[in-house]
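Novice: Quick one: structure below, then a few questions.
The values are calculated or read from the model by the stated rules, or taken from the named source; none is laboratory data. The structure presented is a predicted model; accordingly, all values stated were derived computationally and were not measured. Reconstructed Cβ throughout: ideal geometry from the backbone, glycine too, with neighbour counts over all protein chains shown. Note: accessible area is taken over every heavy atom of the protein model, side chains too, but ligands, DNA and RNA are not part of it. Shrake-Rupley method; radii C 1.70, N 1.55, O 1.52, S 1.80 Å.
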Amino acid sequence: MLNETSIALAVTGVLVAGVAWVLHRRRVAVTTAEIGATLPWFAVIGIAVAVGRSTSVSGLPAGFLQSPTVYLVVGALVAGLWVIFDLVEIQQRSRWTAGTGVLMALVVGGGTVLTMGTPQPRVLVWNGVAVVLAVGVTLLVLRTVPSGHRATHSWLGAWVLFAHVLDATTTGIGLEKLGTTERNPISAALIQMGEGAGVSGVVLFLFVKVAVALLILRALDPGMNPAGRETVALLVVAAGAGLVPAIHNLTLFALAIS
């Protein structure tokens, strides 16, 4: 007998297949700029996962908030937007893609927080500290690491680095100041390894995340040529791999910590 999670995944699979067919049927050309503009939608995924884990949502709706279904749902939404943009002949589709992603994140995140009640002031303060630290560390790395050892990839490269740093700072704030636990087994093992070696586990985690981001940027360095669609897509996925857990952390802290 199918449970709600399986039903949600099956429905989403049909939706994704349908939207993909329409994209192919209409021969909608997706540019590198439009692929890069999908990055804000990863924040929507992080918020949705946090909502599913911290609220009393149950039944079929809860199935749509679980991984990997939530990724497919958001992907179908973005593809559906591209179909609509093509139908109404909207220009500057990359800006519209990014703008709607930011708006959706604000609406979903803000609406959920207001519905659940005002977050604790100390949580908001520490969330702010995590963001400020992430911005500071990102700028420090960008200014100190020679460009020969990191491919910048313009703004997208900076976002890859920032997203992974933000994942590390939110994880550290959660563990050290808000009393949370690390659910990712790889991250938890790395932090525990650092503590066992007599160094700060969260600092070691931060260094590893920075190193991973820089390695990704170097591996995807297109040289003197502009990055193609495949490279941009990989960079977006790499940034999303840091942004989703980071935004999840920030949202979960605001919703679940009293």
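Novice: Keeping to the range 139-148, report how many residues are modelled with pLDDT of 65 or more, exposed (fewer than 10 other Cβ atoms within 10 Å of the Cβ) and not basic (Lys, Arg).
Specialist: 2
Novice: If you check residue 8 against the conditions, is it more than 20 Å from the chain's Cα centre (by Cα) and open to solvent by 30 Å² or more (accessible area, probe 1.4 Å)?
Specialist: The answer is no for residue 8.
Novice: Still on this model: Looking at 98, 158, 151, which one is modelled with pLDDT under 85, of a type in the set (A, V, I, L, M) and at negative phi?
Specialist: Residue meeting the stated conditions: 151.
Novice: Also: Among residues belonging to the range 176-197 that are within 20 Å of residue 250 (Cα to Cα) and part of a loop (DSSP other than H, G, I, E, B), point out the one that is least open to solvent (accessible area, probe 1.4 Å).
Specialist: 178
Novice: Within the range 113-126, can you find the residues that are over 18 Å from residue 48 (Cβ atoms) and assigned to a helix (DSSP H, G or I)?
Specialist: The answer is 121, 122, 123, 124, 125, 126.
Novice: Now, a different point. Determine whether the range 215-234 contains at least one residue that is over 30 Å from residue 29 (Cα atoms) and open to solvent by 50 Å² or more (accessible area, probe 1.4 Å).
Specialist: The answer is yes; a qualifying residue exists.
Condition check ((1) surrounded by fewer than 19 Cβ atoms within 10 Å (Cβ to Cβ); (2) part of a loop (DSSP other than H, G, I, E, B)) across all residues:
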residue: 16; (1), (2): yes, no
residue: 24; (1), (2): yes, no
residue: 44; (1), (2): no, no
residue: 49; (1), (2): no, no
residue: 58; (1), (2): yes, yes
residue: 61; (1), (2): yes, no
residue: 76; (1), (2): no, no
residue: 89; (1), (2): yes, yes
residue: 111; (1), (2): yes, no
